[in-house]
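J.: Before I ask anything, let me first share the structure, which is written out below as structure tokens.
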Amino acid sequence: MHPVREQLRHPDPDRRRRFTKIRGDKEHVATAGYTCNKALRLDHYQNGGARLPTPLRREPDGSFTPIDWDTAIREIAARLKTVRDTHGGESIFFYGGVALNTLTDPTWRDAIAGTPWHKHVPARIQPFPPDEHARRQHQHHARRTTVTTTDLTAMTGLELMRWMQAERPTDIPSIGRLLGMRFDEVDHGRIVISLDTRPDFANPLGTVHGGIAATLLDSVMGCAVHTTLPAGSGYTTLELKVNYIRAARTDGQILTAEGNVIHAGRRTATAEGKVLDDQGKLIAHATTTCMIL
């Protein structure tokens with residue numbers, strides 16, 4: 001007999017409410033398509049004999065005392081008020097979830113503290129009142145670096161690159177911070193970025209890994225394209241072609257990359273770039289195509 005029909009005709013009323021097998025074989029989930037029956041047991045959960053008919057208060061000795069809903073709500077509200085008065089904040093919020101990940105991530109939340117971005121963060125994820133939050137963030141960043149005070153979202157691409165060159169922010173995570181990139185020159189359609197090589201950049205042969213040069217070229221050409229964009233626009237790399245000419249050392253040698261925009265259209269932009277060592281010798285050169293967003 002069909003397992004569902006068999007279950008519905010079971011003499012035990014409780015068994016009739018529970019579906020342990022929908023189709024296939026429970027022992028071979030991947031091949032037989034066994035389906036969890038939890039959603040089909042709502043009646044059991046809502047009306048089963050083991051369902052709690054009233055809230056329970058946990059006592060200091062570990063026992064539970066039944067209470068009515070009005071009492072439960074009143075006591076819970078009092079506990080939450082104690083949390084608020086002790087730790088600050090305007091509401092209680094569960095940290096997590098994909099959509100709120102960026103806003104609740106401590107690194108990014110700390111990076112935007114004290115900036116115009118911070119006022120747009122929902123109050124429910126601000127753990128303290130504004131004045132106390134600002135004071136704590138100031139203390140936190142005093143041990144690290146100066147907090148950004150500029151509204152980056154209102155800048156054109158050129159203004160943003162010039163701000164990056166002038167401020168050299170270290171409080172915002174980026175590939176530039178990881179590799180130690182420096183903005184040396186910023187003009188419309190042209191960027192110069194440099195970095196110092198280090199042993200961490202080595203490939204198995206002991207020279208600078210090609211990915212470092214590729215990352216430097218991708219960054220300098222992309223930033224050159226960015227200087228041509230208005231506020232609110234962005235870009236993404238569609239294609240990157242790198243030609244490697246010679247190896248670079250890992251002993252602190254300065255690598256300097258220059259990127260220049262060749263064409264800046266409404267939908268796509270192209271650029272070229274080159275990397276030179278501290279002797280002016282060509283390490284690599286590249287071209288890129290970017291899509292404007």
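J.: Please find, among ALA257, ALA224, ALA271, the residue that is surrounded by 19 or more Cβ atoms within 10 Å (Cβ to Cβ), within 29 Å of the chain's Cα centre (by Cα), among the small types (Gly, Ala, Ser) and assigned to a helix (DSSP H, G or I).
T.: Values: ALA257 fails: assigned to a helix (DSSP H, G or I); ALA271 fails: assigned to a helix (DSSP H, G or I).
Selected residue: ALA224, the only one of ALA257, ALA224, ALA271 that is surrounded by 19 or more Cβ atoms within 10 Å (Cβ to Cβ), within 29 Å of the chain's Cα centre (by Cα), among the small types (Gly, Ala, Ser) and assigned to a helix (DSSP H, G or I).
J.: I'm trying to understand the selection: among the residues of the stretch 193-213, which are surrounded by fewer than 20 Cβ atoms within 10 Å (Cβ to Cβ) and assigned to a strand (DSSP E or B)? First the steps, then the outcome.
T.: Restricting attention to the stretch 193-213, the residues satisfying the condition of being surrounded by fewer than 20 Cβ atoms within 10 Å (Cβ to Cβ) are 196, 198-200, 202-207, 209-211.
Of everything in the stretch 193-213, those that are surrounded by fewer than 20 Cβ atoms within 10 Å (Cβ to Cβ) and assigned to a strand (DSSP E or B) turn out to be ASP196, ALA202.
J.: Could I ask something else about it? In the stretch 274-293, how many residues are in contact with a Phe, Trp or Tyr (Cβ under 9 Å, 6 or more places away or on another chain) and exposed (fewer than 13 other Cβ atoms within 10 Å of the Cβ)?
T.: Matching residues across the stretch 274-293 total 1.
J.: Okay, next question. Any chance you could count how many residues in the stretch 227-238 are part of a strand (DSSP E or B) and out of contact with any Gly (no Cβ under 9 Å at 6 or more places or on another chain)? It would help to see each step written out before you state the result.
T.: First, pick out the residues of the stretch 227-238 that are part of a strand (DSSP E or B): 235-238.
Keeping just the survivors that are out of contact with any Gly (no Cβ under 9 Å at 6 or more places or on another chain) gives 238.
Qualifying residue count for the region: 1.
J.: Just for the stretch 41-53: of the residues that are in a loop (DSSP other than H, G, I, E, B) and exposed (fewer than 11 other Cβ atoms within 10 Å of the Cβ), which one is modelled with the highest pLDDT? Full working, then the answer.
T.: Step one: filter the stretch 41-53 for residues in a loop (DSSP other than H, G, I, E, B), giving 48-53.
With exposed (fewer than 11 other Cβ atoms within 10 Å of the Cβ) added as a condition, the list becomes 49-53.
Details: GLY49: 65, ALA50: 66, ARG51: 70, LEU52: 74, PRO53: 78.
Only one residue fits best here, namely PRO53.
Here is a yes/no grid of residues against (1) on the phi > 0 side of the Ramachandran plot; (2) modelled with pLDDT of 95 or more; (3) surrounded by fewer than 16 Cβ atoms within 10 Å (Cβ to Cβ); (4) out of contact with any Asp or Glu (no Cβ under 7 Å at 6 or more places or on another chain):
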site: ALA154; (1), (2), (3), (4): no, no, yes, yes
site: MET164; (1), (2), (3), (4): no, no, no, yes
site: ILE172; (1), (2), (3), (4): no, no, no, yes
site: THR215; (1), (2), (3), (4): no, yes, no, yes
site: GLY232; (1), (2), (3), (4): yes, no, yes, yes
site: THR236; (1), (2), (3), (4): no, no, yes, yes
site: TYR244; (1), (2), (3), (4): no, yes, yes, yes
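J.: Count, please, the residues in the stretch 174-184 that happen to be surrounded by fewer than 16 Cβ atoms within 10 Å (Cβ to Cβ) and either in contact (Cβ under 8 Å) with a residue 24 or more places away in the chain or part of a loop (DSSP other than H, G, I, E, B) (or both).
T.: Total satisfying the criteria: 4.
J.: Residues that are out of contact with any strand residue (DSSP E or B) (no Cβ under 7 Å at 6 or more places or on another chain), farther than 30 Å from ALA154 by Cβ and of a type outside the set (Gly, Ala, Ser): does the stretch 209-232 have at least one?
T.: Yes, the stretch 209-232 has at least one match.
The values are calculated or read from the model by the stated rules, or taken from the named source; none is laboratory data. Keep in mind it's a predicted model, so treat the numbers as computed, not measured. Note that we place each Cβ from the backbone using ideal geometry, even for glycine, and neighbour counts take in every protein chain shown.
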